[in-house]
Each structure stands twice: as structure tokens, then as C-alpha cells.
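J.: Here it is, the structure, as C-alpha cells.
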2 protein chains.
Amino acid sequence: MANPNNPALRSWIDIPPHSDFPIQNLPFGVFTTEERGTRVGVAIGEYVLDLYAVSQFGFFRGLDLPTEPKVFRRRSLNSFIRLGRPVWRAVRQRVSELLRHDNPELRDHEEAMRTCLIRQRDVQMLRPVKPQNYTDFYSSIEHATNVGIMFRDPANALLPNWKWIPIGYHGRISSIVVSGTDIRRPNGQRKAPDAAVPTFGPSQQLDFELEVAFVVGQGTKLGDTVPIGQAEDHIFGLALFNDWSARDLQSWEYVPLGPFLGKNFGSSISPWVVTLDALEPFRVAGPAQDPAPLPYLHQTGQHNLDINLEVCLAPAGGPETTICRSNFKYMYWSMAQQLTHHASNGCNLEVGDLYASGTISGQSPDSFGSMLELTWRGTKPLTLPDGSQRKFIQDGDAVIMRGYCERNGLRIGFGEVRGTVLPASEL
Amino acid sequence: MANPNNPALRSWIDIPPHSDFPIQNLPFGVFTTEERGTRVGVAIGEYVLDLYAVSQFGFFRGLDLPTEPKVFRRRSLNSFIRLGRPVWRAVRQRVSELLRHDNPELRDHEEAMRTCLIRQRDVQMLRPVKPQNYTDFYSSIEHATNVGIMFRDPANALLPNWKWIPIGYHGRISSIVVSGTDIRRPNGQRKAPDAAVPTFGPSQQLDFELEVAFVVGQGTKLGDTVPIGQAEDHIFGLALFNDWSARDLQSWEYVPLGPFLGKNFGSSISPWVVTLDALEPFRVAGPAQDPAPLPYLHQTGQHNLDINLEVCLAPAGGPETTICRSNFKYMYWSMAQQLTHHASNGCNLEVGDLYASGTISGQSPDSFGSMLELTWRGTKPLTLPDGSQRKFIQDGDAVIMRGYCERNGLRIGFGEVRGTVLPASEL
């Protein structure tokens, strides 16, 4: 069988240059149209391949799939993912075959082709997974250092536990929304350091956080742990993630139990989940870890991923400005270390769990993954092409995050996660 | 229609004195037997009333229920709860009627009676709800003060935000288990203040937290808020909750993002959800709040509940010792204030959400709701009848929490939440 990651593969579908979705990618998502209802699909160029339709035409015959694959008509990928890695792999492999330039099966079957392929612009994408649990990590050393300098002590910016533990916290599931969903500015309590009492009103420090989230593809039982060498076996794929944050709410509420209403009014996820398999060619080593992690987190080899990331800001009716260029490879703690740590106390993982990276900042100021860092807590406002300035995000602003891997002419992209900020509700 | 809370009601079922489950209670739960599969039931005395069987015999005819009430055969109460308050009320009302001493419908229908009633000892109880989201609050002023004295500054034990915000954080859903499930002692990182580096191994400070959790019965849309006067309309019922905690893991990991692996290895919930309706007679005013909360949290009237709580500890093979007597009425922040705060930024609530109170401590040392407080961080060990001492929980110990309301001879109880601690997994 051909390796679906082979850079030489071509499709009979016309793929625009620099597309995020060449035949080597084949990410999974969930879409809906009025006629079809809800379907699982695969992105290819500017099209979606409707996997339910593909199965109805018999193209999955011979794969170890249920005869009536209801998993392809669900509102989330969870049921499909639950079928297990051999099935995901077989489906991706088979889709790759069907789309190859030299395979006539689907290409020359006019009715099937017309039914199975839909333009992405004609479908509505849904949240790809129903998160069973959602954990947000804090694994960029640059981000943690920046925050430590700004809010605590520049001389001791990193807390003593940071280089020992992939610090994380549980986030809110209900408010995770798919790209394109508007985000309403939250009201909430905040208190200026010199104010006597807090006030309640619209957040004045609305921010984004540039993150990448991975989706758990294989769960564990309560009490079980995951050896670090097996951690990646539990990962299905990755998506872009914007962990919207209201800094003023957050700084007033977060001691001692962590972020709560400053975060849980909304998080945005991109609609396409790029499989870990598709990202194999883009493995790189992570930063050196000093001190060496405790043995249960000790890891050698290439466990980071070279994913270029960018954040664009577009004022209402205005053009996009790129305000941040970062990379997922900067992560100090790898996904495997995050997952193994998460399960190290016996906490059970579930298929569909979302584990987000935390803000991904690099070393240069233009690689910082939040307005908090880009404007250094508002002290260095950004100036947009229209002359307006931003300390934080304004009503009407759209925040767009994009990500892609690129090597030797092969580009594997994530599409985008986009959200536009609506004014706060009236009190 | 008779008020199902009327203390004068009697059932034709023999209810033992001091039962938690008189005809005035009628809590909902989910049980399973080999023959029946999974069913929704109501506790009455030492019996469970099988609501699916009741519906099959036509006793719910006339209620606004689906003809084939699959909601009574699910693995959680969520689908039933989703039918809405008028339906919960109608079902509880009808069950009350059916069980009244002077109603022959079920009492004199021998086949139905034999089918619909099962002894509790013959069924296995399941986790009553599938939590969609789980938030743990920190709403006992005595607990927060005790923790502040021990870990921070006795002179400033309460943090500045505590009297303004019902502080809370998101907890782990996957590891919430029903009473009776054993809890494995977690391994994890901990570092003594004077140690140079952390170590990984079994928690040496395993603790319980005495809590009460409420189940959300009516959700909201993302962006919506809940006025304080309507908050209780969103509550279905209450259960006992043990938020197991590994203090050594927690104290090393929790800065700055809050509790994580110190908590998420397991939380235990009691199997019966007592409806807020059944608890109406036990309303009391909460503690005076000074300073007055901000307007969105301002509340008058009786919004606390007088629920006696106790914690017992039983070493392996040994008798139970009551080590704590507390009361849910001590809560500084009411459930309504917790819920309204939670939704105040537009965070959407979902049916089946669990919101736990945080440790419920009273003013006297024997009312403290955790070993941390009862033994004052291990400095005042408890002595059990067998002469053994406890600073924290040992392997083989069972922790049992019970709760009940009592007034004028009417007792509405919660049953118990129980968990036995297993030794940590080998490293």
C-alpha cells in the first residue's frame, strides 16, 4: 500500500497551490448541509469528501467498518474515533487511494463523484469533537516567563514547579465553539489594584491565546497510567485553538484556584482535525529540558511538531494584519509529556478529550501568542494599518489563527480558527 | 392534588423509622440489575421503584411523557431531567400518589407491585448523572479561612477576592464515580519545602472533602445570563460529594493555575439525587454577607438548606467512627449565587452539570470537612477506637459521608457516599 504521506502523491482533484489540504493531509471534520444533515468529511483542496456518501457507494467495502456506518452521520467525530487507530488509518489510507490521480474508481464514477464531493463553501462546519474533558496546559516557557515577569517577579519569573510539571488546569467544555462562531465580550468582576472594591461590567482587557489542541483517540481506565513511550498512541489528531481570555476578570479571580470566568465564556476550535499520522514528516526535537524531567516524563527523540502559526487581527470591515508569527515547536513540554503527566495519578482519559497547549509564544516579541504579551500588558499598543491602536481586542475585531507545516514543497495545513467579538450584553 | 412534601403523608410500603427515604423524599437515581438492564428509579424506604416498569404498567398515563419512555432506561438521569421541571414535578407527584397508603392502584395490583418494587440491596446503583461539566466551588468561609491560616497568613487568611466572588474552578469529569467505587491512592509529584527537587510516588497526604453538589436541570445558551431571582429554577436536585484530594500533590502543583492532579484522580457522588422540591421545607437564611455582594449577586430570603452532614471513617475490617459533623447551611455563598456568578459572563450551563460546594466546614473543630482541617495539617492526629492514629487517610480506610434534613419528625435523607482507598499502583 502506498504511504499516504508520500510527497509525490497527486490527486485528480485540482488542488490550488499552497492549499492546506493536499492529498497528503486528509484531516477529518464534521459538516452539515440542509439536504444531507450531519456528516463526517475529509478536506481535500477546496472540497469536502462526504464519508457517509463514500460508504453508501460501497467504496469502504473491505475495511473493517460497520455495514451501516452511522459513525459518519454523527454530530461529532467521537464515534468514529472510538473505532480505533487501525480504522482511522485504514479510512485515511483508503481515502488517499480514492483520490489519487491514477485511481478511476471515484474519479470516473460520475454520480458518486458528484455526491461525495462538495465545495467547502457550500457546507457549514461543526465543532469536530464533543469534548468529554478539556484541559489547558501552560507549556510554553516563553509565555510562562513573560507572564511571570509582568505579574510577579522579573528575577524569578518562572515558578519553582514549572520546569518539573507540565502545569495545566481543567477548562470549561460547554463553551468550546467551532471557528466562525461570534464571541460575546464577557461581563464580569474586576478590581484595579488601587480600587477599594470591585466593579461589574464589560471586560476591558479581552485577549486571545494562540494554542494548538490535541484530541485523545484512545482512552484509559480509572487508575491506569500511560508510559511516556506509549503516550502518542493515545493521540488522534490536532486542531487550532483560541483560548479567549478576559485578563481583568482573570487577574481578580484566579487566586488561589486558577482561571474560571476569565476563560470560560468561550474557546474557539478549528473545524479540521489533522491526524498525528499526517504530521509525522514534521517531527522535530523539543527544546532541551534542564533540569531533566523526572523519569516518568523522560523522553528522547523527536516529539515536537514544526507547525508555523500566525495570528491575524481584522477590525470590523477592515483588512487583516498579521500580529504574531509563532511555532508549535517551541513548546517546552511535549504533548506526550502532557498526556503521561495527566494520567500519572490514574486520572482516566476519554476518547474526545481535548488537551490544549497553552499560549504558544516564541522568543522574539513578534512571536508572542497573546495581546497581553504583544502589547506588554497594554504598555506598547499595536498600531493597525488604519491608524487605530490596540492594547487588547475591541468589539467588532475578528481574530484569525492559521497553522501549517511546510517542508520540501509539501504543505500540511490546519485551515483557520476565527472569531469576531460582539459587544458585551447590556447590564 | 396533595402536596408531596406534606409531613402527614404515609405510604403503604413499610418505611423503617429514621429512613432517609420516606414518601416525602422520592429522590431519583439510576440502577441496574442483570434482568432489567439500566433503569431510572425512585428510592422509597428500603426499596427502589422502577420507573420504567411503572410506565409499562400504564401508571404514568395522563402525564405529558413520551409513550415509550426510553428516558427511564438510560444510563443517566440526563434525558429525564431534560424533559423539564413540569415533567419532574408531575412524575414525583404521581409517584407520591401511587405510594400513598390509601391508594390501591399499585398496592393492590400484585403483578405490578412485584415488578415495580425491588429491594435496594438487590440492585446496583450507577452514577446518577453524566456530568456535562463539573465546577467545584470554595464557598465555606470557615474552610477558606482554615486553609488560609494554614498555608498563607493567619492575619489575612481570606484572600481579598473571597467575599466578592463565589470562587470556583473547573474539575475533572471523567473520574467522577458513584458511591461504592474504590479509590486508588494516586502517585504524583510532591516536594517538601526544604527539598531541592520533587519526587514521584504515592501521595502521603490523601484526604477527603465533605461537599454537596447540585445538578443543573435547565441549561442556558452561550452568552445568556441568569438573574439571581431565577437561579434556583435551573437546579434539579442535590447529592453528596466527596472531592478526594492529595494535599502533597496539590500544594506543589497548584500555583498559578489551581488544583489539577491533586484532585482529578477521583471524586465520589451519592447515587440518589434529592430534588430541590423535596428540600423546600428545610430552607434557611445563609450567613450575613458583609460586605454586601455586588448587585448581580444580591439576594434576600432563605436560600441555604439545613442539611446535617457527617463523615465517618472505617479502617479495613473496623467499625465506623464519626469524625466530622457539619451542615450545608453554613455555606457563605448560596447555590443561587454560585450559579448566577457562573453564568454572569455568558458561560452556558448544560443539563447535567454538577456544581459542588467546596468543603463544608463549620466553626467548631469537629465540624471541619477535611482531614487537613480536622488534624490541622497533621499536627493533631485523630485517634480511632482501635488506637490507631490518622493524620490523613490510610490504605484500606473507608470514608463514608451521610446527609439528612430533619424537622418536626420529618427526615429527608441523601443516603451515603462511600469510598475505600486502595494502595497506590506500583511504580
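The values are calculated or read from the model by the stated rules, or taken from the named source; none is laboratory data. Values in this document were obtained by computation on a predicted structure and should not be read as measured data. All Cβ positions, glycine included, derive from the backbone under ideal geometry; neighbour counts span all protein chains shown. Each accessible area value is taken on the protein alone, full model and side chains, heavy atoms only, with ligands, DNA and RNA left out. Shrake-Rupley method; radii C 1.70, N 1.55, O 1.52, S 1.80 Å.
J.: Here is a check on your reading of the model: is A:R114 in contact (Cβ under 8 Å) with a residue 60 or more places away in the chain and either more than 14 Å from chain B (Cβ to nearest Cβ) or over 30 Å from B:N264 (Cα atoms) (or both)?
T.: Here the answer is no, as A:R114 does not meet what is asked.
J.: Could I ask something else about it? Tell me, which helices (runs of 4 or more DSSP H) lie completely within segment A:81-152 with 1 or more residues that are closer than 30 Å to A:S364 by Cα, of a type outside the set (A, V, I, L, M, F, W, C) and open to solvent by less than 20 Å² (accessible area, probe 1.4 Å)?
T.: Where helices (runs of 4 or more DSSP H) fall fully within segment A:81-152 and carry at least 1 residues being closer than 30 Å to A:S364 by Cα, of a type outside the set (A, V, I, L, M, F, W, C) and open to solvent by less than 20 Å² (accessible area, probe 1.4 Å), they are A:141-151.
J.: Considering B:T383, B:T359, which residue is over 26 Å from B:Q24 (Cβ atoms) and surrounded by 24 or more Cβ atoms within 10 Å (Cβ to Cβ)?
T.: After applying the criteria, what remains is B:T359.
J.: Residues B:L240, B:L158: which one is in contact with an Asp or Glu (Cβ under 9 Å, 6 or more places away or on another chain) and either open to solvent by less than 10 Å² (accessible area, probe 1.4 Å) or part of a loop (DSSP other than H, G, I, E, B) (or both)? Please lay out each step first, then the result.
T.: Working: B:L158 fails: in contact with an Asp or Glu (Cβ under 9 Å, 6 or more places away or on another chain).
After applying the criteria, what remains is B:L240.
J.: Taking A:L63, is it open to solvent by less than 60 Å² (accessible area, probe 1.4 Å) and at pLDDT below 95? If you could, list the steps in order and put the result at the bottom.
T.: Values: open to solvent by less than 60 Å² (accessible area, probe 1.4 Å): yes; at pLDDT below 95: yes.
So A:L63 passes the test.
J.: Identify all residues within segment B:80-107 that are touching a Phe, Trp or Tyr at 6+ places or on another chain (Cβ under 9 Å) and over 13 Å from B:F59 (Cα atoms); write none if there are none.
T.: Residues satisfying the conditions are B:F80, B:I81, B:R85, B:V87, B:W88, B:R100, B:H101, B:D102.
J.: Being over 30 Å from A:F265 (Cα atoms), in the same structural domain as B:L206 (by TED's automatic domain parsing), surrounded by fewer than 24 Cβ atoms within 10 Å (Cβ to Cβ) and under 17 Å from the mean Cα position of the chain (by Cα) is the requirement here; does B:R402 meet it?
T.: For B:R402, the condition - over 30 Å from A:F265 (Cα atoms), in the same structural domain as B:L206 (by TED's automatic domain parsing), surrounded by fewer than 24 Cβ atoms within 10 Å (Cβ to Cβ) and under 17 Å from the mean Cα position of the chain (by Cα) - is met.
Here's the yes/no breakdown for (1) open to solvent by less than 60 Å² (accessible area, probe 1.4 Å); (2) within 24 Å of B:R92 (Cβ to Cβ):
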residue: B:S203; (1), (2): yes, no
residue: B:V216; (1), (2): yes, yes
residue: B:K221; (1), (2): no, no
residue: B:E232; (1), (2): yes, yes
residue: B:F236; (1), (2): yes, yes
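J.: Report, by residue number, each residue of segment B:331-350 that is open to solvent by 10 Å² or more (accessible area, probe 1.4 Å) and in contact with a His (Cβ under 9 Å, 6 or more places away or on another chain).
T.: B:M335
J.: Given the criteria open to solvent by less than 10 Å² (accessible area, probe 1.4 Å), under 29 Å from B:G201 (Cα atoms) and of a type outside the set (S, T, Y), does B:D353 qualify?
T.: no
J.: So how many residues does segment B:362-380 have that are surrounded by fewer than 23 Cβ atoms within 10 Å (Cβ to Cβ) and of a type outside the set (G, A, S)?
T.: Here the count works out to 8.
Rundown of residues vs (1) more than 14 Å from chain B (Cβ to nearest Cβ); (2) touching a strand residue (DSSP E or B) at 6+ places or on another chain (Cβ under 6 Å); (3) in contact (Cβ under 8 Å) with a residue 40 or more places away in the chain, yes/no style:
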site: A:P295; (1), (2), (3): no, no, no
site: A:P315; (1), (2), (3): yes, no, yes
site: A:K329; (1), (2), (3): yes, yes, yes
site: A:C347; (1), (2), (3): no, no, yes
site: A:Y355; (1), (2), (3): no, yes, yes
site: A:W376; (1), (2), (3): yes, no, yes
site: A:L382; (1), (2), (3): yes, yes, yes
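J.: Could you list, in sequence order, all residues of segment A:171-182 that are more than 7 Å from every other protein chain (Cβ to nearest Cβ) and either open to solvent by less than 10 Å² (accessible area, probe 1.4 Å) or assigned to a loop (DSSP other than H, G, I, E, B) (or both)?
T.: Hits for segment A:171-182 are A:I176, A:S179, A:G180, A:T181, A:D182.
J.: Here's another thing I want to ask about it. Please tell me if A:R75 is in a loop (DSSP other than H, G, I, E, B), modelled with pLDDT of 95 or more and either in contact with a helix residue (DSSP H, G or I) (Cβ under 7 Å, 6 or more places away or on another chain) or not β-branched (V, I, T) (or both).
T.: yes
J.: Let me ask something else. Kindly indicate whether A:G188 is more than 26 Å from A:H341 (Cβ to Cβ) and crowded, with 17+ Cβ neighbours inside 10 Å.
T.: Yes; evaluated as a whole, the condition is true for this residue.
J.: Please count how many residues of segment A:254-264 are open to solvent by 10 Å² or more (accessible area, probe 1.4 Å) and either more than 8 Å from chain B (Cβ to nearest Cβ) or hydrophobic (A, V, I, L, M, F, W, C) (or both).
T.: 3
J.: Moving on to the next point. Please state which one of B:D233, B:D224 is assigned to a helix (DSSP H, G or I) and touching a residue at least 40 places away in the same chain (Cβ under 8 Å). Lay out the reasoning, then the answer.
T.: Numbers: B:D224 fails: assigned to a helix (DSSP H, G or I).
From the options B:D233, B:D224, the qualifying one is B:D233.
J.: Further, regarding this structure: Would you check if there is a residue in segment A:183-194 being part of a loop (DSSP other than H, G, I, E, B), at negative phi, more than 9 Å from chain B (Cβ to nearest Cβ) and within 19 Å of the chain's Cα centre (by Cα)?
T.: no
J.: For B:L279, state whether it is of a type in the set (A, V, I, L, M), within 13 Å of chain A (Cβ to nearest Cβ) and open to solvent by less than 10 Å² (accessible area, probe 1.4 Å). Give the derivation first.
T.: Values: of a type in the set (A, V, I, L, M): yes; within 13 Å of chain A (Cβ to nearest Cβ): no; open to solvent by less than 10 Å² (accessible area, probe 1.4 Å): yes.
Criteria not met by B:L279.
J.: Among A:P281, A:P259, which is touching a residue at least 60 places away in the same chain (Cβ under 8 Å) and in a helix (DSSP H, G or I)?
T.: Just one listed residue meets the conditions, A:P281.
J.: Do you know which residues across segment A:3-40 are open to solvent by 20 Å² or more (accessible area, probe 1.4 Å), of a type in the set (V, I, T) and outside the structural domain of A:R75 (by TED's automatic domain parsing)?
T.: Matches in segment A:3-40: A:I15 only.
J.: Then there's this: Could you tell me whether any residue of segment B:69-77 is surrounded by 16 or more Cβ atoms within 10 Å (Cβ to Cβ) and either over 24 Å from B:K130 (Cβ atoms) or touching a residue at least 60 places away in the same chain (Cβ under 8 Å) (or both)?
T.: yes
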